[in-house]
Amino acid sequence: MKKVAKRTVAALVLAAALVLGLGAFLIQYLIRGDDWAVFPGNPHTYTGANLNSGILTDRSGTVVLDATDGRTYAADAGVRTAMLHLLGDREGYIAAPLLGHYADALVGYDFLSGTYSLSGRASTGVLTVSAQVQATALEALDGRAGAVGVYNYETGEILCAVSSPSYDPDNVPDIAGDTTGAYTGVYVNRFFNATLTPGSIFKIVTAAAAIETMPDIWQRTFSCSGAFDVEGDTVRCNGVHGTVDLAGAMAHSCNVAFGQLALELGPEVLTDYAERLGVTSSFSVDGYETAAGHFDLSDAAQVDVAWAGIGQYTDLVNPCGYLRMLGAIAAGGQGAEPYLMASVDSRKATASYTARTERTEALLEPETCEALANLLHNNVVRTYGEGNFPGLYVCAKSGTAEVDGEMPHATFAGFVLDEAYPLAFLVMVENAGAGSGIGRSVASQVLAACVQVLDGEAQP
């Protein structure tokens, strides 16, 4: 009898453990089932590194990725190539954090039927980008390395986020065997994950600091003879500009004026504004963690402080982060946070998603933003030519970022002040020369494509 009693107790203990374990599993299943379903190691939802669920379209309805049965990209080769750094490739060499970020909605999981769909309908995600604008931007870069970004600073929608070099995922080149350098850095998403020397587009930051901290800035003038001496070192300008005020210094991109401003502002003020405007910060955009820029004057000599205010020295900016700053200036100090996914119509209603506009912190005073906009529009009128941006009130600054031993990077940054086209833009082309040349040309083509897309959306 004692043996039977012991066996009975043991059986009851085992049964109780089984019930408790099953209960614990069910609780975990209810709480974490969606995480298990979209875990990258799950062969039912991932093939290698790629999510194998959902269809993605651009803002106009063009299918750019069908992942319901393998990976089918857009029909147009230019679009496939331009979208590669957002969607990833088949082998997983180029990551697509966007898909992983919305995996639960694209997979369409619920705890009753898991990932199985009774209707057989695939989840569909709508991106904010335009395939047409993406292809235009990549074509305008014409094989050069760089990044192009455009976003709506009122809503946060990214219309363009191009990284180059790229390649057609349906016609993969021999990258490992390439000896031309055409694919150097191809696996890096330059828009989100790279930093580049900004050159004179950084003068926007220096000007913002001067406007807010120097009460007499609008009465000040600067004398440019082509260079000035800083403790035995020389800061050279791109020309001889004579006597200029702040507007003239910005329009001529005068290194003498901005170098002197940087020295007067000093390292603490310059660093404060670089940090306040997000130059040194990283932030998240639908799964992408942007690279943090760099601005460090802790060990800088006086001449280095001058060059830093000009956008040289060790200055680095991330294209997406700098675009966000430009949007805040355009919007009066507080722009929209950028995003890529407009909505997901999930096959399971509980997982559907619709984006909401979120605002940045107030980065600058509204009066400062208005003054900067006037300066930047004056640049277009006096230097870049309004005819290059027909029908648009463009505010912009170019940059020619010196790089040791190589051709300068061409940069061009700004925004459009127009209720119909509230767009901030940034072009960074590596080793391409003057930003007022190739940078302006790329921006002109991309903005024209954006206008065409937005006008089409406005039609009844």
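The values are calculated or read from the model by the stated rules, or taken from the named source; none is laboratory data. Remember, predicted model here, so these are calculated numbers, not experimental data. Here the Cβ is made from the backbone with ideal geometry for all residues, glycine too, and neighbour counts use every protein chain on show. Note: areas computed on protein heavy atoms with side chains; ligands, DNA, RNA excluded. Shrake-Rupley method; radii C 1.70, N 1.55, O 1.52, S 1.80 Å.
Data for the structure
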quantity: Estimated distance in nm for a label pair at Thr68 and Glu358, the labels positioned 7 Å out from Cα along Cα-to-Cβ; calculated: 3.2
quantity: Accessible solvent surface per residue of segment 181-337, calculated while the other protein chains remain in place, 1.4 angstrom probe, Å²; calculated: 35
quantity: Within segment 307-326: backbone nitrogen closer than 17 Å to the Glu406 label point (7 Å, Cα to C-beta); calculated: 312-319
quantity: Rounded accessible area of Ile201 (nearest 10 Å², 1.4 Å probe); calculated: 0
quantity: Within the accessible area of segment 140-198 (1.4 Å probe), percent carbon and sulfur; calculated: 44
quantity: Cα gyration tensor category, rounded, prolate or oblate, for segment 122-235 with a/c compared to 1.5; calculated: oblate
quantity: Percentage, to the nearest whole number, of Cα pairs in segment 285-379 over 16 Å apart; calculated: 70
quantity: Potential lengthening between His294 and Glu365 on full extension [0.36 nm per residue; Cα-Cα distance subtracted]; calculated: 23.2 nm
quantity: Amide H within-cut-off set for Asp89, under 5 Å, with H built and near neighbours excluded; calculated: Ile94
quantity: Probe 1.4 Å - accessible area at Ser223, Å² to nearest ten; calculated: 90
quantity: Shape of segment 341-397, Cα gyration tensor, a/c cut at 1.5; calculated: oblate
quantity: Sparse-neighbour loop sites [trypsin sites (Lys or Arg not before Pro); segment 194-298; at most 16 other C-beta within 10 Å; DSSP]; calculated: Arg220
quantity: Carbon + sulfur, % of accessible area of segment 342-460 - ligands and nucleic acids excluded, 1.4 Å; calculated: 47
